[in-house]
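Below: one structure, written as structure tokens.
Each value in this text was obtained by applying a stated rule to the coordinates, not by laboratory testing. Note that the structure is a prediction, hence the values are computed from the model and not measured. Using ideal geometry, Cβ is built from the backbone for each residue, glycine included, and neighbour counts are taken over all protein chains shown.
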Amino acid sequence: MTQGEPAVTPQAVRRTILEMLHRAKASHLGCSMSVVEMLIAMYASVDVGKIRSHAPDRSRIIVSKGHCAAATYAVMMHYGIIDPDQIRGYHTDGSMLAGHVSHGVRGVEHSTGALGHGLAVGAGCGLGLRARGYSDASVLVLVGDGELQEGSVWESLMFIRHHRLSNVVLLVDNNAISSITHTHEVIDMRPLAARFQGFGLMVAETDGHDVAGIVAAISDMRRSPTPGVVICNTVKGKGVSFAEHQPIWHYRTLSDEMYREALGGLGNDEEACRT
Amino acid sequence: MQRDPSVFLVIADMGINLIERFAEAFPDRFVNVGIAEQNMIGACVGLANCGYKPVAYTISNFAVHRCFEQIRNDVAIHKTPIVILGIGTGYDNASLGPTHHILDDWGCVRSFPGLEIHSPTSCAYASPLLDDLLDRGASAYVRIPKSESRYSESSEPMVYLPGQDQRILVCTYGGLAPVAVEAQRLAPAISALVFNRLRPLSGDAIASVLSRHQRVVVVEDHFAETGLYSSLCQVAAARRMPVAIESRAPTDYTLTVGTSPAFFLRSFRGDASSLAEDLR
């Protein structure tokens, strides 16, 4: 972690997400809660100051599963990349904070929403940063496990492997649920690690709710000459007991009662940063 | 690429006997992504994110149809500076069948705000075009016909070739420019309006030419619904012009084999002889 950066806690981020989703009566709770620790770890692995200043040699963080916008914006806010005032506009008329990640928000590299786009852009960034000689910059791309069904993801993985773009690290939110049902019931890709290994990639598998473990895996991948994938085993809806493992929470919105129950379930955290 | 060190050429394994010189001269700014067009466009967008000016190259049907969503989301929405160079237009790949006929390429993407579309009819237009697009940081699709056309040395987006009188105007673009010129040679009364740039169009300038003719015929090797016929109808309708515009264009894909573009042009009387015969 870059010295001087805030210690962002998952509880604080989840509280922010709940507030955003409840205030806006917005969906995508499950897929936002699953990636909280992943996003914290991604920003903890790079020089956030360069992202804030939009430096040419900044690391690129690309959230390809754009439907976790609430989590992305919440983490960005806690890292001081976007303002709390901006967060309050999430999903409201005239705001730039849509329900999918938007480059209309300063600090976001690329708008996503349709799946299977982010890794190709990340591959291009990896190639471009290498050509520019920015060897310290990383490209961290977050995809969902359901998104892996898009063929374009595998086009990009072949390209990344062939060109040894070791500055690119793919992080998979392996929450086991895609849009409407369990991922393995749609397209069973288990064992997932073997799929990536078959493409010649380095693979690490980790608890997707362990920030330190994810940070360590990203660091390992960056030191490897072979491009790598970090499979983060997560729980969709993590931290909200009635939403965990439930496909419907991709779509459902929080009632007032549910919101209070969800907040209560997160517990107290001194470092929580309310919006 | 020699002039501008930020230009990056990205190809999808096409361009034999063409791209080698670039690959050899600029190995650090050239990459062949393989048969993976979606990744080609996405990677170009990533390169643009890092300050490069990407040029994506493959055959037109793969460049557009395979990458429709990448062009919409990653190029048009982001206003990404990129030149998508597609080789082949209309029936250039005549005998290869309908998957390789390019009758609906620019029509697919003409609704994307900000995307320029060029269909050069001459080297005089095409040669400076790339530099201009790259210098301006434009998002552009450039479709290159395989036929070599030397009908005009004009570098203007639109070229008017007046006939002996002003009764009949044939409008066309790209690879069909020679057809219009030949039709005019066979029937000198025909005037021709040849487009190098399909989007944006100069509506007032077009309207001025249309208004001087009694009969307007749009000939194109592209479906009319999303082609130049549609564009010119919009120009005329927006100005409430009392002009009837006719279309000569394919109306469907075909499984019938033809070994030259002329074979297909004859099927909708869009070849030079048919035009001269019908419009003299």
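In percent, how large is the relative contact order of the range A:78-203, given Cα pairs closer than 8 Å and 6 or more residues apart? Each step should come with its number before you reach the end.
Values: 147 pairs, mean separation 22.7, N = 126.
In percent, rounded to a whole number, it is 18.
Could you state the number of Å between the C-alpha centres of the range B:176-207 and the range B:49-80?
The distance from the Cα centre of the range B:49-80 to that of the range B:176-207 comes to 29 Å.
Per-residue HN-Hα couplings for the range A:102-118, Karplus 6.51 cos²θ - 1.76 cosθ + 1.60 at θ = phi - 60°, whole Hz, x for Gly and Pro?
For the range A:102-118, the Karplus-derived couplings read 10, 6, x, 9, 4, x, 8, 6, 8, 6, 9, x, 6, 7, x, 9, x Hz, x marking Gly and Pro.
Which order do peptides B:264-273, A:135-144, A:256-265 fall in by mean Cβ count within 10 Å, highest first?
Details: B:264-273: 19.5, A:135-144: 24.5, A:256-265: 14.1.
Going from most to least packed, we get A:135-144, B:264-273, A:256-265.
Please average, across the residues of B:28-35, the number of beta carbons from any other chain that are within 10 Å of each residue's own beta carbon, and give a whole number. Don't jump to the answer; show the numbers that get you there.
Working: counts 2, 1, 0, 7, 2, 10, 4, 1.
That works out to 3 on average.
Along the range B:106-123, what does the Karplus equation 6.51 cos²θ - 1.76 cosθ + 1.60 (θ = phi - 60°) give for ³J(HN,Hα), rounded to whole Hz, x for Gly and Pro?
Going residue by residue, I get 6, x, 5, 10, 6, 8, 6, x, x, 7, 7, 10, 10, 9, x, 10, 8, 5 Hz, with x marking Gly and Pro.
So for chain B, averaging the separation of alpha carbon pairs under 8 Å that are six or more residues apart and normalising by length, what relative contact order in percent results?
16 percent
Using alpha carbon centroids, what distance separates the range B:222-280 and the range B:102-151, in Å?
The distance from the Cα centre of the range B:222-280 to that of the range B:102-151 comes to 20 Å.
Skipping prolines and chain starts, which residues have an amide H placed within reach, meaning under 5 Å, of the one on B:TYR57, given they are 5 or more residues away or on another chain?
Those lying under 5 Å, H to H, from B:TYR57 are B:VAL10, B:ILE11, B:ALA12, B:LEU85.
Diagonalise the Cα gyration tensor of the range B:1-147 and give the resulting equivalent ellipsoid semi-axes, square root of 5 times each eigenvalue, largest first, whole Å.
Semi-axes from the Cα gyration tensor: 21, 18, 15 Å.
Take peptide A:54-64, look around each residue's Cβ out to 10 angstrom, count Cβ atoms belonging to other protein chains, and average those counts. Write out the running numbers ahead of the final one.
Numbers: counts 0, 0, 2, 1, 0, 0, 3, 0, 2, 0, 0.
If you average over the peptide's residues, the count of other-chain Cβ atoms is 1.
Can you tell me, using C-alpha contacts under 8 Å and at least 6 residues apart, the relative contact order of the range A:10-266 as a whole percent?
Working: 542 pairs, mean separation 63.9, N = 257.
Dividing the mean separation by the residue count of the range A:10-266 yields 25 percent.
Can you pull out the trypsin sites (Lys or Arg not before Pro) in the range B:157-244 whose DSSP state is coil and whose Cβ has at most 16 other Cβ atoms within 10 Å?
Sites meeting the loop and neighbour criteria: B:ARG167, B:ARG212, B:ARG239, B:ARG240.
Which of the pairs A:LYS25/B:LYS53; B:LYS53/B:LYS146; A:LYS236/B:LYS79 have their Cα atoms more than 31 Å apart in this structure?
Working: A:LYS25/B:LYS53 41 Å; B:LYS53/B:LYS146 25 Å; A:LYS236/B:LYS79 34 Å.
Going by Cα-Cα distance, A:LYS25/B:LYS53; A:LYS236/B:LYS79 fall outside the 31 Å limit.
Using the Cα atoms of the protein assembly as shown to build a convex hull, what is its mean projected area in square nanometres? Kindly include the intermediate steps, with their values, before the conclusion.
On the way: hull surface 109.8 nm².
If you wrap the Cα atoms of the protein assembly as shown in a convex hull and average its projections, you get 27.4 nm².
Go through the range A:10-100 and name the trypsin sites (Lys or Arg not before Pro) that are in a DSSP coil and have 14 or fewer other Cβ atoms within 10 Å of their Cβ. All intermediate terms of the calculation are to be shown ahead of the outcome.
Values: sites: A:ARG14, A:ARG15, A:ARG23, A:LYS25, A:LYS50, A:ARG52, A:ARG58, A:ARG60, A:LYS65, A:ARG88; in loops: A:LYS25, A:ARG58, A:LYS65, A:ARG88.
Hits after loop and neighbour filter: A:LYS25.
Long-range amide H contacts for B:ARG197: which residues qualify at under 5 Å (H placed 1.01 Å from N, peptide plane, sequence gap of 5 or more or a different chain)?
B:SER119
For A:VAL139, which sequence-distant residues (separation of 5 or more, or a different chain) have an amide H within less than 5 Å of its own amide H, given hydrogens modelled in the peptide plane?
A:ARG60, A:VAL168, A:VAL169
Share of antiparallel DSSP beta bridges in the protein assembly as shown, in percent to the nearest 5? Don't skip to the answer; put the middle values down first.
Details: 8 of 65 bridges.
Within the protein assembly as shown, antiparallel bridges account for around 10 percent of the total.
Please compute, for peptide A:113-121, the average count of beta-carbon atoms on other protein chains lying within 10 Å of each residue's beta-carbon.
Numbers: counts 2, 5, 1, 5, 8, 3, 4, 14, 15.
Average per residue, whole number: 6.
Using alpha carbons only, how many degrees (0 to 90, rounded to 10) separate the axis of helix A:211-223 from the longest principal axis of chain A?
In chain A, helix A:211-223 runs at an angle near 20 degrees to the longest axis.
Please report how far the C-alpha centroid of the range A:40-80 lies from that of the range A:211-253, rounded to the nearest whole angstrom.
With the range A:40-80 and the range A:211-253 each reduced to a Cα centre, they are spaced 16 Å.
Test of the criteria: in the range A:146-242, which trypsin sites (Lys or Arg not before Pro) are in a DSSP loop and have at most 15 other Cβ atoms within 10 angstrom of their Cβ? If you can, show how the numbers build up before the last one.
Details: sites: A:ARG161, A:ARG164, A:ARG195, A:ARG222, A:ARG223, A:LYS236, A:LYS238; in loops: A:ARG164, A:LYS236, A:LYS238.
In loop regions of the range A:146-242 (DSSP not H, G, I, E or B), the sparsely surrounded trypsin sites (Lys or Arg not before Pro) are A:ARG164.
Tell me, what ³J(HN,Hα) does each residue in the range A:176-188 have, in order and in whole Hz, if you take phi through Karplus 6.51 cos²θ - 1.76 cosθ + 1.60 with θ = phi - 60° and put x for Gly and Pro?
With coefficients 6.51, -1.76 and 1.60, one gets 6, 10, 9, 6, 10, 7, 5, 4, 5, 7, 8, 9, 7 Hz.
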